[in-house]
Amino acid sequence: MSNCTDTATMGTTSPLVAVMGVTMITACLFYLLLKRKSGHQGEVALPPGSMGLPLLGETLQFFARSPSLDLLPFFKQRLERYGPIFKTNLVGKDLIVSLDPELNNYAFQQEEKAFQIWYPESFMRILGNDNIITSVSSLHKQIRNMILRVFGPENLRLVLLHEVESTVDRTLESWLERPSIELKTATSSMIFSVTAKWLISYEASASSGELWRNYDAFTRGLLAFPLNIPGTAFYGCMQGRKNVMKTLKQLLDCRRNAGSRESKDFFDVVIDELKKDKPMLTEEAALNLLFVLLFASFETTSTGITAALKFLTDNPKALQELVEEHEQIRNLRADPNSDITWEEYKSMKFTSYVIHESLRLANIAPVVFRKAKQDVHMKGYTIPEGWTLMICPSAVHLNPTTYEDPNAFNPWRWKGISEPVGGSKDFIAFGFGLRFCVGADFAKLQMAIFLHCLVTKYRWNVISGGKMVLSPGLGFPEGFNIQLAPKP
């Protein structure tokens, strides 16, 4: 009887028992998982911080616009609350943020050892997964050497110096005909015309500037929230990239089928590589490389020029000393209107101070990413293997222990300091270590030549705009509109 009852009872209740059993097992596993996770975090001592909302994390706070060039409120608030090393979550990605000079320097020095370069998935969708910025050290070195064949010191001295001066002269003269110039856009177009010529022999005027317009659309959405639906800045950015890549592919195919050329540009260097039996680049990687080089060449430099002119406009003393330096260079020439020589360019000391100070304050690259290749222990915390470290250059450039009154534009602070060739732990506007920007010398040359041509031949009045904001990159939401006039 009891056996029948037990059997009947088991038969009628077994589904409930099974569900309860699964639930209990799941709960136990979940508990053990949480315990393991919390134990792991306790063991490795993750930095303090908040992961914010589900999915969004603290993304909205990070992208919030700041009307000051001071350290972003996102970083400043967490620095005060957690210290210079903290954890967060941005666009669904867990990160450790470093505002600490020692950790930053260590991460750069340990490139390809304890850390490797990394970028968010949304950023890689923009720039292309197969490109120079994520290449490993051996390939990265080979690509750098390819680039230096066109933009290296010898070509800068013999060719590009005069090419840049000629372009700047033509551009500034054309501005005289216009009642107002939006400086950032105008200088971007000017620099694009130089680099597009030397990278792919592309004339900016060809196709009514179609390539430039697509790059402009790309740039506007580069640091936008990564929402890829029609009408958003990010969507426009992706469409701009698609159109640019289509144009580059067409140019590559045409160049491959063309005969030999007398002049050499970077496209020729790339095609020579692709023709090898075992090329180090695929066609996709080559096109992505060209895409990134074209973008990097004009966007950061034009932002630097615009910021420098804004700082100089607001600081008459610095502007006066800059003018005097360049007037003196002209006065020492047999012909004041002759071309700039390499020796004259290298003598522009105060100009160099202005450029470095402008880049220090502008912080054109708002963040830099590295991924830990192993557990990294520092300052009592652990960055676990596979976790991403986000470095904030503005924390380096606005550090009051390094720079007195760090928020002030003070070019004279660079006097007596060795130029940070290759970067330094206190100046990372062009990066530092193995990933130091290969185009840094070209960018500084363009900024210096632009300033020389401008202050020796023209004066300007601000028509409107000039307000600089961070969100998180540097922007001019109202533009910076000036009117140019020849010097009497």
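Here each label is just a point 7 Å from Cα along the line to Cβ, and for Lys346 and Gln239 those points are 4.9 nm apart.
Annotation: extensible slack from Asp94 through Ser68 equals 6.7 nm (criterion: 0.36 nm per residue apart, minus Cα-Cα distance).
Fully extended, how many nm does the chain gain between Asn399 and Lys467 (0.36 nm per residue separation, minus their Cα-Cα distance)?
On the way: separation 68, 0.36 × 68 = 24.48 nm, distance 2.31 nm.
Extra length from Asn399 to Lys467 when fully extended: 22.2 nm.
Using only Cα atoms, locate the centre of region 42-92 and the centre of region 154-205, then give the distance between them in Å, rounded to an integer. Cα centres, region 42-92 to region 154-205: 40 Å.
Between Arg125 and Ser418, the modelled labels are 4.5 nm apart [label points 7 Å from Cα along Cα→Cβ].
Any idea of the accessible area per residue across region 40-109, 1.4 Å probe, to the nearest Å²? Intermediate values should be presented prior to the final figure.
Details: 3380 Å² over 70 residues.
That works out to 48 Å² for each residue.
Over all other residues within a Cβ to Cβ distance under 14 Å of Leu55, the charged ones net out to -1, with Lys and Arg as +1 and Asp and Glu as -1. Accessible surface for Val159 stands near 50 Å², nearest 10, in the context of the full protein assembly shown (1.4 Å probe).
Taking Lys and Arg as +1 and Asp and Glu as -1, the other residues whose beta-carbon sits under 13 Å from that of Pro488 total +3. Put a dot 7 Å past the Cα of Glu385, heading toward its Cβ, do the same for Arg157, and the two dots end up 4.7 nm apart. Above 26 Å, the calculated P(r) of region 42-470 contains 58 percent of its Cα-Cα pairs.
Which entries of Lys141/Lys371; Lys349/Lys457; Lys113/Lys246; Lys317/Lys467 show an alpha-carbon separation above 25 angstrom in the structure shown? Provide the component values of the computation, followed by the final result.
Working: Lys141/Lys371 20 Å; Lys349/Lys457 20 Å; Lys113/Lys246 37 Å; Lys317/Lys467 20 Å.
Beyond 25 Å: Lys113/Lys246.
Note that region 298-344 presents 48 Å² accessible area per residue, ligands and nucleic acids not counted, probe 1.4 Å. Ignoring any ligand, DNA or RNA, what whole percent of the accessible area of region 297-346 comes from carbon and sulfur when the probe is 1.4 angstrom? With neighbouring chains kept in place, the figure for region 297-346 is 49 percent.
Note on surface exposure: Glu163, Glu80 rank Glu80, Glu163 by accessible area, highest first, 1.4 Å probe.
The values are calculated or read from the model by the stated rules, or taken from the named source; none is laboratory data. The structure displayed is predicted, hence computed values, not measured ones. Glycine gets a Cβ as well: all are built from the backbone with ideal geometry, and neighbour counts include every protein chain shown. Areas reflect the complete protein model, heavy atoms only, side chains present, ligands, DNA and RNA absent. Shrake-Rupley method; radii C 1.70, N 1.55, O 1.52, S 1.80 Å.
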